Amino acid sequence: MDFKAKIVMLLLFFCTGCQQEVTDNSDVVVEIVADKNAAMLINECFLDLDTPTKYPKFREVSKMVRNFSLGSNSFSKETAQLIDKAPNDYKNSNIYQQGLLEYTNLIWNKAEKSILKKQKEFQIMAKKHLNNEYFKRIYKFYGAKLPKNYHLKIYLMPVLGSDKFATPIGDNKIFITSMDHDVATHFGIIAHECCHVAYHKKNKDKMEKFFKNHKSGIGSIVFNVIDEGLATAIGNRVFKISIDGVDSEEAYAFPHINNFSKKLKYLAKEYLDKGKEMDEEFWGKAIKLFAIENPEAKNNLDILMHTTTVFTDKPDSSYKNLLNLAWASRFLMQSIDIKALDTIVKERETLDPYIYIISNNAKCADSVEGKDYLHVKKLSDGKITIVVKTDDMEKIRVAFKYLKDNPIVKKTFTVRL
C-alpha cells in the first residue's frame, strides 16, 4: 500500500519544530491532546510510510505499526479487517472520511470516555511535573539543545492491536495509548519518550567511539541499549518515583533492559541532581553495570538482535513479509536492515548478528546441505550467523520462534524446520 502523497504533508505538520537553543526565559508548555483524526492517522495511515525525521530506524512509523499490530494477541478480527480495507491511495478525501468513520465506530468510540477523562487528569499533572526546570535538566544531562519556547503535545489514543505503546514523532509530539495505568505510571512512560527525543538530538560521535573501543568487549552491545536503558531509568523510574514515591519492579518488557535500568537509575539520578551532562566516567560505569546484570550478553540473541542485518534472495515484494515476521518475533529488533543476498559488505566490526533468509535453491557461504532448516553458526570471534533456508514463509516464522525460545547461543547447531 502507498499512502505517501497525502501523509507526507501530514507528517510535515506533525514533525515541525523549532531548532533554536533554549534561553532562561523560555516557557515549556505541555498540552494533552485527544484527537481522533490524529489517532486514526498514526494507527491506520502510516502502515507503509517511514517518517521523514532524523531519528534511527526503530522510529520509522511503518515498522513501529507492524510491531504492535502483528505482535499482539489482542489484535482483533475487526481490527484486522479495518487494516485490510485501508485504501491504496489516500489522496482521495472521500476515502479518508470513510476510513475515519470506520476507525471512529470500531476503535475510538469504545475508548473515548476513558481518554477524555485521562486528558483532564493528565493536563493537571503535566502542569505540575513536566515543567521548564525538568526539561532543562533532561536536555542538559543528554548534552542536547532544548528548542526555544518548547511546546510539547501528548496525544492520547486507542491503538490498533495493543494496549502498551508510545512513540515520539518529531521533536515535540508524543503518541501514547490510554492504558489501564495510574497517572504516575503514564507520566513515567511520557518522560521515557522525552528522553528518547533528547538523546537523538545529541551528537553521539564521541559517545559511540568510546563504547565501541571499550576494553570490556561489550561496549558496542551496551551502546545499542543505552538509549532504552537511560529512558527507562530516568523516565519510568527516577521521574515516576518523584511523583508517587514508588518504583516499578517491571518497567520494561525485556529483562536485560529492565534489570539494567534498575542499576542505572542511581547513576542517572546523581548526574541529574547535580545538573551534569553524562560523560566518559558515566559511560564507563554504565558498561560495568550492564555487564554485571547481563553476564551472557555476548551469547544472548534477545540482546544481540537489537541491531540486525538480513540478507535474502527473496524478491523485493517479499521484503515487507520478512519485516513483518521479524517484528512479530518479539525480539527487541530496533534496527533491521534488509539487503540482497549478493550484497558485498564489510567485515563485521560488532557482535550484531547476520541473518540469511534464503530459498532452498540458493547458496551462501554459511549454508549447509539440505533444505528447510535453521542453521546457527557461532564463529571463533563470538559473532553469530543465522541461516534460514526454506521456500515456506510459515517455516521462517517457526525459525524465529525457535530462536526466541532458545536465545542463548554458545555453539553451532542445525534444526530442521
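The values are calculated or read from the model by the stated rules, or taken from the named source; none is laboratory data. On a predicted model such as this, the values are computed, not experimentally measured, just so you know. Neighbour counts are summed over all protein chains in view; Cβ atoms, including those assigned to glycine, are modelled from backbone coordinates with ideal geometry.
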Is it fair to say T307 is of a type in the set (S, T, Y) and either in contact (Cβ under 8 Å) with a residue 60 or more places away in the chain or not assigned by TED's automatic domain parsing to the domain that holds D405 (or both)? yes
Could you list all residues from the range 348-382 that are of a type in the set (S, T, Y) and touching a strand residue (DSSP E or B) at 6+ places or on another chain (Cβ under 6 Å)? Y354, Y356, S367, Y373
Take the residues in the range 289-329 that are in contact with a Lys or Arg (Cβ under 6 Å, 6 or more places away or on another chain) and not in a helix (DSSP H, G or I), then tell me which one is farthest from K265 (Cα to Cα). F311
Right, A268: closer than 23 Å to Y139 by Cα and assigned by TED's automatic domain parsing to the domain that holds Q123 or not? no
Can you give me the number of residues within the range 153-169 that are in a strand (DSSP E or B) and modelled with pLDDT under 75? 1
Please specify each residue of the range 361-417 satisfying the condition of being assigned to a strand (DSSP E or B), exposed (fewer than 13 other Cβ atoms within 10 Å of the Cβ) and under 29 Å from the mean Cα position of the chain (by Cα). I408
Here's a check for you: in the range 200-220, which residue that is touching an Asp or Glu at 6+ places or on another chain (Cβ under 9 Å) and at pLDDT below 95 is surrounded by the fewest Cβ atoms within 10 Å (Cβ to Cβ)? K212
All but one of (1) out of contact with any Pro (no Cβ under 6 Å at 6 or more places or on another chain); (2) at negative phi hold for L301, so report the exception by its number. (1)
Out of S380, S335, S329, report the one residue that is out of contact with any helix residue (DSSP H, G or I) (no Cβ under 8 Å at 6 or more places or on another chain) and outside the structural domain of F211 (by TED's automatic domain parsing). S380
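Per-residue answers, yes or no, for (1) under 17 Å from I189 (Cα atoms); (2) within 16 Å of the chain's Cα centre (by Cα); (3) not assigned by TED's automatic domain parsing to the domain that holds R330:
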site: H214; (1), (2), (3): no, no, yes
site: E228; (1), (2), (3): yes, yes, yes
site: G235; (1), (2), (3): yes, yes, yes
site: V238; (1), (2), (3): yes, no, yes
site: I241; (1), (2), (3): yes, no, yes
site: E277; (1), (2), (3): no, no, yes
Out of all the residues in the range 337-360, which are surrounded by 19 or more Cβ atoms within 10 Å (Cβ to Cβ), touching a Phe, Trp or Tyr at 6+ places or on another chain (Cβ under 8 Å) and closer than 14 Å to L304 by Cβ? Y354, I355
Options V387, V398; residue that is within 27 Å of E296 (Cβ to Cβ) and touching a Cys at 6+ places or on another chain (Cβ under 7 Å): V387
